[in-house]
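Here's the structure, in structure tokens; my notes come after.
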Amino acid sequence: MIQKRDIENREDIDRLMVAFYERAMSDDVIGHVFTQVAGMDLAAHLPVIGDFWEAVLFGSKSYAGRGRNPLEIHARLDRKSTLSGVHFDRWLKIFDETTDSMFAGERAEFAKLRATAIANRMRNYVRGVSALADP
């Protein structure tokens with residue numbers, strides 16, 4: 001049995017993100033959010049999301065310089081097409097499964113914990129923004 005190693009560097013993050021988005025973008029439940037709602041340009045998005053996860057896992061400052069607010073970005077997507085708990089749950093399941101298929105170790109576990117926190121925060125933020133917009 002081949003033992004998986006932990007996430008050790010930016011290259012590992014980039015590999016994880018490519019594998020994750022390949023699955024997520026073709027998924028029956030959430031794929032349309034990426035392809036139709038967001039119209040995601042994966043080549044442009046991968047460096048940004050790589051910077052984000054590099055900041056989360058290694059404390060890099062590269063994402064901070066991008067001036068992006070992921071919560072607001074997802075709230076805008078929700079205004080185009082409602083993001084439900086089902087979407088966030090599916091995103092997290094794919095993230096966890098992809099991580100587990102490629103890596104094992106403390107950093108991989110931390111990535112999954114952070115992904116759970118991120119999904120929950122996004123879900124709560126999007127619902128809160130939607131509630132404020134309702135008359």
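Just so it is clear, none of the values below were taken in a lab; they were calculated from the coordinates. The shown structure was predicted, so the numbers you read here are calculated from the model rather than taken from an experiment. No Cβ is skipped: glycine too gets one built from the backbone with ideal geometry, and neighbour counts run over all protein chains shown.
Normalised by the number of residues in the chain, the average gap of Cα pairs under 8 Å and 6 or more apart makes the relative contact order 34 percent.
Please give the FRET efficiency for SER101 paired with ARG121, using the beta carbon to beta carbon distance and R0 = 30 Å, rounded to the nearest 0.05. Don't skip to the end; give the middle numbers.
Values: r = 25 Å, r/R0 = 0.83.
Efficiency, from the Cβ-Cβ distance: 0.75.
Label sites at ASP14 and LEU113, each approximated as a point 7 angstrom past Cα along Cα to Cβ, lie 2.8 nm apart.
Counting beta carbons within 10 Å around each of LYS61, LYS93, LYS80 and listing the fewest first gives the order LYS61, LYS80, LYS93.
Taking neighbour counts of Cβ atoms within 10 Å as a proxy for exposure, in what order, fewest first, do ILE30, ILE49 appear? Display every interim value, and only then the final one.
Numbers: ILE30 22, ILE49 18.
Ascending Cβ contact count within 10 Å gives the list ILE49, ILE30.
For the chain, the longest principal axis of the alpha carbon atoms and the long axis of helix 106-133 meet at an angle near 0°. Among GLY67, ILE118, ALA108, whose Cα sits farthest toward the positive end of the charge dipole of the range 10-133 (+1 at Cβ of Lys/Arg, -1 at Cβ of Asp/Glu, about the Cα centre)? Positive-most Cα among the choices belongs to GLY67. Per residue of the chain, the DSSP helices (runs of n ≥ 4 H) give a summed -39500 (n - 2.57) that works out to -22500 deg cm²/dmol at 222 nm.
Number of Lys-Lys pairs in the chain under 24 Å by Cα, sequence gap 8 or more or different chains? Lysine pair count for the chain: 5.
Less than 14 Å Cβ to Cβ from MET102, Lys/Arg counted +1 and Asp/Glu -1: what total charge do the surrounding residues give?
-4
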